[in-house]
1. Given DSSP loops and a limit of at most 15 other Cβ atoms within 10 Å, what is the longest stretch of the chain that contains no such trypsin sites (Lys or Arg not before Pro)?
2. For every other residue with a beta carbon closer than 15 angstrom to the beta carbon of Ile83, add +1 if it is Lys or Arg and -1 if Asp or Glu, then tell me the sum.
3. What chymotrypsin sites (Phe, Trp or Tyr not before Pro) in region 1-91 are in a loop by DSSP, with at most 11 other Cβ atoms within 10 Å of the Cβ?
4. Tell me the angle of helix 217-232 to the major Cα principal axis of the chain, expressed in degrees between 0 and 90 and rounded to the nearest ten.
5. Full-extension gain between Asn184 and Ile35, please, as 0.36 nm times their residue separation minus the C-alpha to C-alpha distance.
6. Between the helical axis of 163-173 and the dominant principal axis of the chain, each derived from Cα atoms, what acute angle in degrees is found, rounded to the nearest 10?
7. With everything on Cα atoms, drop me the angle between helix 92-113 and the longest principal axis of the chain, reported from 0 to 90° to the nearest 10.
8. Can you sort Ile195, Ile61, Ile83 by how many other beta carbons sit within 10 Å, fewest first?
Amino acid sequence: MTDFLQLFLSGMATGSIYALAALGFTLLWQASGTINFAQGEFVMLPAFMMLAFSAMGAPLILSFLFTCAVAVLVLGLGFKRGIADPLLKFGMMPIVVATIGLAIAMRNGIRAGYSAEAHPFPSLFADKLFNIAGVTVTLADVGTLALALVLVLGTQAFLAKTVTGRAMQAVAQNTDSATVLGINVPRMIFYTFAINALLACAAALLVTPTYLAKFDMGESLGNKAFFAAIIGGFNNSRGALLGGLIVGVCENLAAAYISPAYKDAVALVIFMLVILFKPQGLLGKSVERKV
């Protein structure tokens with residue numbers, strides 16, 4: 001039982017990171033009908049940005065803040081203006097193809113321009129162990145889970161409780177009606193892209209100490225985040241949290257009790273089961289949507 005609880009808590013910490021990336025999928029889909037298959041690379045690139053700023057002598061937190069500012073411009077405004085806006089009017093398929101191509105370009109660009117080697121990344125949390133009722137947990141797992149949950153729940157509270165957040169939700173439901181109500185639709189959509197960029201930076205800060213900074217780290221992370229978003233419900237931001245936690249816990253348990261070789265297949269198996277029996281996701285709803 002002790003081993004199970006340790007695996008469960010560790011899986012929740014990993015799953016909360018998946019949830020951060022999955023939340024980006026759901027936000028972009030709800031606000032602009034965009035599916036970003038470069039989401040994993042949007043986490044990978046800030047990790048290398050932070051390493052670059054750290055190499056210049058900036059402490060980790062300052063490197064993170066600098067990276068957030070650059071990411072909002074590059075991964076937020078740049079992605080929206082350079083890819084989403086020109087292609088969205090042609091339908092979903094050009095966006096899908098473009099973001100897949102962007103992911104490949106980002107991976108190969110980092111490999112050629114920075115390094116193909118894995119680089120250690122400083123952890124935000126001290127290397128400490130705690131023994132609680134016989135269960136040994138690390139400060140990194142507890143801190144990662146707590147911080148990720150705060151970010152996910154804080155984003156949901158922002159969307160539900162603030163005027164700007166409600167305006168963003170109105171845009172997500174119907175852009176024409178939002179325009180009639182006087183909402184600045186392009187601005188609200190940009191806010192969504194900017195929030196996605198910030199969540200990607202936070203995910204990079206939390207996941208890279210474990211994954212290491214590698215040019216291909218975003219490939220696996222992006223796939224699992226996408227599966228998590230589908231599992232929880234692509235049109236429900238709370239579903240991103242649920243899906244991420246389910247994937248993180250289940251892959252940890254599968255690696256321990258079945259075989260580590262099956263760890264990366266767990267998200268795909270759960271995804272297929274959910275698609276077969278509840279296509280809208282566990283928390284999603286079947287709705288008509290107009291963009």
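1. Details: sites that count: Lys89, Lys128, Lys285, Arg289.
Between exposed loop sites, the widest span is 129-284.
2. Details: positive: Lys80, Arg81, Lys89; negative: Glu41, Asp85.
Net charge in that neighbourhood comes out at +1.
3. Values: sites: Phe4, Phe8, Tyr18, Phe25, Trp29, Phe37, Phe42, Phe48, Phe53, Phe64, Phe66, Phe79, Phe90; in loops: Phe37, Phe90.
For chymotrypsin sites (Phe, Trp or Tyr not before Pro) across region 1-91 that sit outside H, G, I, E and B with at most 11 neighbouring Cβ atoms in 10 Å, the list reads Phe90.
4. The angle comes out at about 70 degrees.
5. Working: separation 149, 0.36 × 149 = 53.64 nm, distance 2.19 nm.
This chain segment gains 51.4 nm when fully extended.
6. Relative to the chain, helix 163-173 is tipped by roughly 70 degrees.
7. For 92-113 against the chain, the angle is about 40 degrees.
8. Working: Ile195 22, Ile61 11, Ile83 19.
Listed from fewest to most nearby Cβ atoms, that is Ile61, Ile83, Ile195.
Bear in mind that the values in this text are calculations on the coordinates, not laboratory data. All values reported here derive from a predicted model rather than from experimental measurement. Neighbour counts run over all protein chains shown; Cβ positions are idealised from the backbone, glycine included.
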